[in-house]
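Working notes for the structure below.
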Amino acid sequence: ELPVPRYQVRSSPSSWGDDYKTCLGKFQSPIDIREKDVTTVSFTQLEFSNVNNSHTAYMTNNGHTVMIQSFDPNAPLISGGPINDTYVFQQLHFHWGQNDNLGSEDLINNHSFSMELHAVFWKKDYGSSEAALKHDDGLTVLGYLYQATDKSNPVFDSITWQIPDITGVGSNITINDTSVLSKLIAPDLASAQNYFTYRGSLTTPPCLEIVQWIDFVQPQYISHEQLAAFRIIQSTDGTNLTHNFRPVQPLDGRIVYRNNV
Ligand code: SG4
Ligand code: ZN
């Protein structure tokens, strides 16, 4: 079991390092991606498989985010691009803010987006997501930025109306749309190759430095109302989870790459 992050004042991200020294390391996430400082590289094609199959997906309030999982043996897979091996989908979850002007974890040119989706994949060779956590190339996380707008995004039709059913910590439901994973994580072919990538960490304690981050450049959209639905869930300490993003961490000389498209 991983420790539960708290975003309230009393155990805010700035004090995670007191108990988890790794959170003070030199490969921490999130970061501010400055476009003028990125290095352009031609990666091989980033490939998705099993992603468009139908998947029974479950949505859980784990006390620190809304998380969507599938226990399907034919889980989505990724390979290629900046990663050398096959990585298996484990779960996706969201980070949001107190208002629509902030909420994303990674920033682009110091700009915050309103929400960020993380799709977490573990390296297949390591046999399980738990075992993968012990290796410095254990995880790849795909990051999708969302900007709040007036227009609602049909991808969230099967999600936001059910969030009131999972306000309690630990509650979960089955999502009534077996293509929800595909809609959330399979970007169209052109956008799929347009990404930033860098070496970083989990953005919650224990902040393990085991993640190849792949952040898609093209932002997605979500309506103000759809986004507001996320802020009603309860957090572990009983208050509303109004925000759950970690502030940006020092780059410490790391290079951020951009795929040449
Ligand atoms: C969220 O709290 C997820 O619920 C956690 O997933 C996740 O930890 C954590 O964020 C950190 O992931 O992509 N933001 S992140 O760096 O995936 C892991 C679970 O607790 C290990 C399963
Ligand atoms: Zn995350």
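Each value in this text was obtained by applying a stated rule to the coordinates, not by laboratory testing. Because the structure is predicted, anything quoted here is derived from the model rather than measured. Every residue, glycine as well, gets a Cβ built from its backbone with ideal geometry; the counts of neighbours run over all protein chains shown.
A residue that is within 30 Å of S171 (Cα to Cα) and of a type in the set (D, E) can be found somewhere in segment 71-83.
Taking segment 120-147 as the range and being under 22 Å from Q226 (Cα atoms) and either surrounded by fewer than 17 Cβ atoms within 10 Å (Cβ to Cβ) or touching a Pro at 6+ places or on another chain (Cβ under 8 Å) (or both) as the test, the residues that pass are Y144, L145, Y146, Q147. Is one or more of the residues making up segment 97-107 in a strand (DSSP E or B) and either surrounded by fewer than 18 Cβ atoms within 10 Å (Cβ to Cβ) or hydrophobic (A, V, I, L, M, F, W, C) (or both)? The answer is yes; a qualifying residue exists. If you filter segment 77-131 down to residues that are away from ligand 1 (no atom under 15 Å from the Cβ) and touching a helix residue (DSSP H, G or I) at 6+ places or on another chain (Cβ under 8 Å), you find that the one that is nearest to Y146 (Cα to Cα) is S114. Whether a residue is within 16 Å of ligand 1 (Cβ to nearest atom), over 23 Å from A57 (Cα atoms), touching a residue at least 40 places away in the same chain (Cβ under 8 Å) and surrounded by fewer than 16 Cβ atoms within 10 Å (Cβ to Cβ) was assessed, and D150 does not pass this test. Comparison of Y146, Y195 shows that the only residue that is within 30 Å of T39 (Cβ to Cβ) and more than 16 Å from ligand 2 (Cβ to nearest atom) is Y195. Filtered by the rule that a residue be within 16 Å of M59 (Cβ to Cβ) and aliphatic (A, V, I, L, M), segment 228-239 gives A229, I232, I233. Do we have any residue at all in segment 116-127 that's assigned to a loop (DSSP other than H, G, I, E, B) and either among the hydroxyl-bearing types (S, T, Y) or touching a Gly at 6+ places or on another chain (Cβ under 7 Å) (or both)? Among the residues of segment 116-127, not one is assigned to a loop (DSSP other than H, G, I, E, B) and either among the hydroxyl-bearing types (S, T, Y) or touching a Gly at 6+ places or on another chain (Cβ under 7 Å) (or both), which makes the answer no.
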